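The structure appears below as structure tokens.
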Amino acid sequence: MKDEIAKCMGWLFKRGLTSTLSGNLSARVDDVVYISPTKVPSYRVRVEDVSVVTMNGDHLAGKSPSSEMPTHLAIYKVTDAKAIVHAHSRFATALSCMGGDLQSPDVEGKQLLGRIPLIPYARPGTSELAEAVSSGIRGFKGALLENHGLVAVGANLEEGYIVAEGIERAAQLVFDLSLFSRR
């Protein structure tokens, strides 16, 4: 699982879904969570860097876990998700700053995502954010975090990544359509 975390962090960076020190992801196996480390550039997370924690947040191995660990653990406690991707991608973050839920304008996005709710702002890394996200994401494949970015869930890391990329694509389409509508 550690190798998947390291590889997926590289994907997020290469696809522009994170910057050097933003974004994080995790995968749950039973009562153990593998989560990307804090303060390690996303493009060079190595297998040995990946943090391993319990569902109670006890650190078992690897570097210090992401500061968003409380949010990841809270989501796992209220959903069936086995993987979580949190990204600070350009268009989804911009849309999260404008307020409002995301409804993908195209048929592919509608089928993949459904409605993506906006979670009201709470300071990153806090128990308030963990509570807001875990209560607001129930029943959805992802959410926009106001003034912050996106979070996506899946049955595995690949599915979580696909949802995260889908949210970014839908947000970009909303932007593109706003430009075309000005004509």
> Which of Gly154, Thr126, Gly23 sits closest to the plus end of the dipole of the chain, meaning its Cα is farthest towards the positive end, when Lys and Arg get +1 and Asp and Glu get -1 on the C-beta?
Replying inline: Gly23
>> From the P(r) of the stretch 2-180, could you give the percentage of C-alpha pairs in the tail past 20 Å?
In response: 46
> When only C-alpha pairs under 8 Å and at least 6 residues apart count, what is the relative contact order of the stretch 2-180, in percent?
Replying inline: 22
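Sum up the charges of everything whose Cβ sits under 9 Å from the Cβ of Ala27, counting Lys and Arg as +1 and Asp and Glu as -1, but leave Ala27 out. It would help to have the intermediate numbers written out before the result.
Details: positive: Arg28, Lys82; negative: Glu4.
Local charge sum for Ala27: +1.
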>> Along the charge dipole of the chain, pointing to its positive end and built from +1/-1 on Cβ of Lys, Arg, Asp and Glu, which listed residue (Ile167, Thr38, Ile5) has its Cα farthest out?
In response: Ile167
> Taking the inverse of the average 1/r across all pairs of different Cα atoms in the stretch 1-76, what Kirkwood radius in Å do you get?
Replying inline: 11.9
>> Can you compute the charge dipole magnitude of the chain about its Cα centre, using +1 on each Lys and Arg Cβ and -1 on each Asp and Glu Cβ, nothing else charged? Give it in debye, rounded to the nearest 20.
In response: 480
>> Give the separation of the Cα centroids, the stretch 146-183 to the stretch 1-71, in Å.
In response: 21
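Give, as a single signed number, the net charge of other residues whose beta carbon lies under 12 Å from the beta carbon of Asp106, with Lys and Arg counted +1 and Asp and Glu -1. Could the numbers behind the result be given before it?
Numbers: positive: Lys110, Arg169; negative: Glu108, Asp176.
Net of charged neighbours comes to 0.
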>> Please list 3J(HN,Hα) in residue order for the stretch 143-150, calculated via the Karplus relation 6.51 cos²θ - 1.76 cosθ + 1.60 where θ = phi - 60°; whole Hz, with x for glycine and proline.
In response: 7, 8, 9, 3, 6, 9, x, 9
>> Can you give me the angle between helix 127-136 and the longest principal axis of the chain, using Cα atoms only, in degrees from 0 to 90, rounded to the nearest 10?
In response: 50
> Hey, can you rank 146-154, 92-100 by average C-beta count inside 10 Å, highest first?
Replying inline: 146-154, 92-100
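Readers should treat all values here as calculations from the given coordinates under stated rules, not as data from a laboratory. Computed from a predicted model, the values in this text were never measured in an experiment. Note that each Cβ is placed from the backbone with ideal geometry, even for glycine, and that neighbours are counted across all protein chains shown.
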